[in-house]
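Below is one structure, written out as structure tokens; comments come after it.
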């Protein structure tokens, strides 16, 4: 056997020479770390400057100008400026140009899902979207003309006319809204460079406020979104917990893109009511937005309390896809999720002032406070959509936005 | 020209001078990279460990405290970081070395350098066959020069466990390396 001292000598003499690429990397990130860990007052000034850059309409031009200047004047200026030559508009623009996105998501229960998106650059809407959830034995495929809910385990396909409203997922707009309405919500937005285990160096957008906290990572080269996480939310149903990985411009599998119902599958044709059908909803021509929202929601809660299913279908087009038993069951299920005592109905409610959320294209959000029979209160946002046709202005209730959250439990 | 002491450089970088930290990096880069390389046998992972330690120091410069020997302090930080990286990335310890890695010896003679290059390569390969804890003990003991009692503190285990790890590691290495270095030296 080898003598011990030779082995110990070999270990002590073991030496690797550091490559130049490591020197460059360490220098760059050490300088950035020094420039980032500045006293609080300076950091606040920098954050304010960032907010200006993020929200400026000329941000892209300015950023491009800074890039040009730093390229001309050399690497050191780039190092000193570091993350600041970036504007959110660059990501929005880059994401408007993608052909497809393949997103791997995790929901708040830890369930994994995959989403395929094919946006239409001309219209900004999605020509194709497919959501598959293996754990829930479920796939949803939506195109402008026809949509499918496919349950492989049960071998059932539900066919729905037209595009599903739930398919309106716009990645670019999500990033835009991450920074744009922060000021109104009283949230802070910070943008900086970060080195991650998974992606290496990224541009990190961090938004935090009393109600929620988000972090998005952007590829510094392509400016495309790499991942997105809702770290904390007071309304956790509103967003998927995280988009763990996003792959761009991958071809969508043929079996999904041109979905064919399996020969032996049970087919269930269904139809949602059209949220833009002018015959549905109520006429609010002479009302302000706030009055209209209060009117339509008051009628809806009254209809729920009196189990007037036809009136519910008139006010909520999506409810038209269900027969009486299904609709009553859905109300019952909603009530049991909200109230522990499974008593349907909304004995007391208060409707707040509507506001717009850029992340939601379906309508305005109306914050409502609901109370159950024992007086416990919950808050929930309801989406109300306004339509204009034949000189009439009407509105319908689309759905809730996120889950109801208890106020005084 | 007199080189500034480690302590003086630490004071400078804590006052906000990145060049002082970069000088510390230049001073100990090869040593720290060797420690990391002996532990992970993966060029990229070793570079990540050294890089992360210095970036962390830059970020937490106000909180950085060291007693005694800066070199040993940095080596321990690298050991801890490699452990984290191995845990996270599940880098296989016995993965083959990157053929592009530039491995050299301290030996000044060119003919010996070439020979020791190969020795280093083989040593890394056999070190990779040891369990991580045993590898750490050997590297901390003979590359970093730490006493076994201090290694026990770093590994958060008893001194007898460290003794046993050291003994097992040496025996395994002696068996694995049997004849290899003799061949080289005879050649």
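The residues A:106, A:174, when put in order of fewest to most other Cβ atoms within 10 Å, stand as A:106, A:174. Taking other C-beta atoms within 10 angstrom as a stand-in for reagent exposure, B:24, A:159, B:154 fall in the order A:159, B:154, B:24, fewest first. Extending 7 Å from Cα along the Cβ direction at residue A:258 and again at residue A:146 yields two label points whose distance is 1.3 nm.
The order of A:287, A:140, B:37, B:3, going from fewest to most other C-beta atoms within 10 Å of their C-beta, is B:3, A:287, A:140, B:37.
Take each residue in B:23-32, count the other chain C-beta atoms within 10 Å of its C-beta, and the mean is 3. A crude spin-label estimate for the pair residue A:12 and residue A:137, with each label 7 Å from Cα along the Cβ direction, gives 6.7 nm. Sorting the segments B:40-47, A:198-205 by their mean number of nearby beta carbons within 10 angstrom, highest to lowest, gives B:40-47, A:198-205.
With each label modelled as a point 7 angstrom along the Cα→C-beta vector, the residue B:133-residue B:175 pair spans 1.9 nm.
The equivalent ellipsoid that matches the C-alpha gyration tensor of segment A:87-271 spans semi-axes of 31, 18, 15 angstrom, in descending order.
Quick note: the coordinates plus some simple rules give every number you see, no bench work behind them. Keep in mind that this is a model prediction, so the values were computed, not measured. Heads up, the Cβs are rebuilt from the backbone with ideal geometry, glycines too, and the neighbour counts pull from every protein chain shown.
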